[in-house]
């Protein structure tokens, strides 16, 4: 019986491991995913880009500001920064029927402003195959069309993409004061 040196034993083990190893999947077999934050607003399901949302939070305590439009709930202090809090249901002309404890805020931030959009319910992070995206917004109520940028369709479920950037740029949010 020949005795193997430690190097020969390790070499033999390495050869056996290589023979029984399973190949890794090829890069072609992987699928790219798009990730967004799902939410409900007035009974409609939406997805918004993670790039447009800086945070999802509970509705912060707010101070009402006199002389502003009805959809402006007030301003809140979020970690030392003032956030203008807007009720999206009221922005679209309808009150929410959900309890306020269930509602959440999607925070949108730029260099100068922090804006919080109150939504009816968060559906958490959603992942879609990139090829499930369509430029067609699908069947969404007319009041939302201006702010929808395509949709994802997976397993028969339709997810319109709500652009928070387009909402932030809406002229109604540019001037929050009520005109007399």
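Coordinate-derived values only; no laboratory data. These numbers come from a predicted model, not from an experiment. Virtual Cβ from ideal backbone geometry, glycine too; neighbours counted across all protein chains shown.
What ranking of 144, 117 emerges when the number of other C-beta atoms within 10 Å of each C-beta is taken as an exposure proxy, fewest first? Don't skip to the answer; put the middle values down first.
Working: 144 18, 117 24.
Ordered by Cβ neighbours within 10 Å, fewest first: 144, 117.
Classify the chain as rounded, prolate or oblate, taking a ≥ b ≥ c as the square roots of the eigenvalues of its Cα gyration tensor: rounded when a/c is under 1.5, otherwise prolate if a/b is larger than b/c and oblate if not.
On the way: a/c = 3.76, a/b = 2.42, b/c = 1.55.
Prolate, because a/c is 1.5 or more and a/b exceeds b/c.
Using a simple spin-label model with points 7 Å from Cα along the Cα→Cβ vector, what separation in nm is obtained for residue 146 and residue 51?
Using points 7 Å along Cα→Cβ, the separation is 2.4 nm.
If each DSSP helix of 4+ residues adds -39,500 (n - 2.57) and the sum is divided by the residues in the chain, what number results at 222 nm, nearest 500 deg cm²/dmol?
My calculation for the chain gives -4000 deg cm²/dmol from helical runs alone.
Ranked highest first by the average count of other Cβ atoms within 10 Å around their residues, in what order do 58-69, 40-51 fall?
40-51, 58-69
If contacts are Cα pairs under 8 angstrom and at least 6 residues apart, what is the relative contact order of the chain in percent? Display every interim value, and only then the final one.
Details: 294 pairs, mean separation 41.3, N = 180.
Averaging sequence separation for qualifying contacts and normalising by length gives 23 percent for the chain.
Relative to the longest principal axis of the chain, what angle (0 to 90°, nearest 10) does the C-alpha long axis of helix 6-20 take?
60 degrees
May I ask you to list the residues of the range 138-169 whose amide nitrogen lies under 17 Å from a point 7 Å from Cα along the Cα→beta-carbon direction of residue 110?
147, 163-169
What percent does the relative contact order of the range 21-107 come to when contacts are Cα pairs within less than 8 Å and at least six residues apart?
Working: 94 pairs, mean separation 21.7, N = 87.
Dividing the mean separation by the residue count of the range 21-107 yields 25 percent.
Given the C-alpha centroids of the range 90-112 and the range 45-66, what is the distance between them in whole angstrom?
6 Å
Between residue 139 and residue 18, take the C-beta separation as r, use R0 = 45 Å, and let me know the FRET efficiency to the nearest 0.05.
Details: r = 55 Å, r/R0 = 1.22.
Efficiency computed from Cβ-Cβ geometry: 0.25.
With viscosity set to 1.306 mPa s and temperature to 10 °C, compute the Stokes-Einstein D of the range 85-180, Rh being the Kirkwood radius across alpha carbon pairs; µm²/s, no decimals.
Working: Rh = 15.1 Å.
Value of D from the Cα-based Kirkwood radius: 105 µm²/s.
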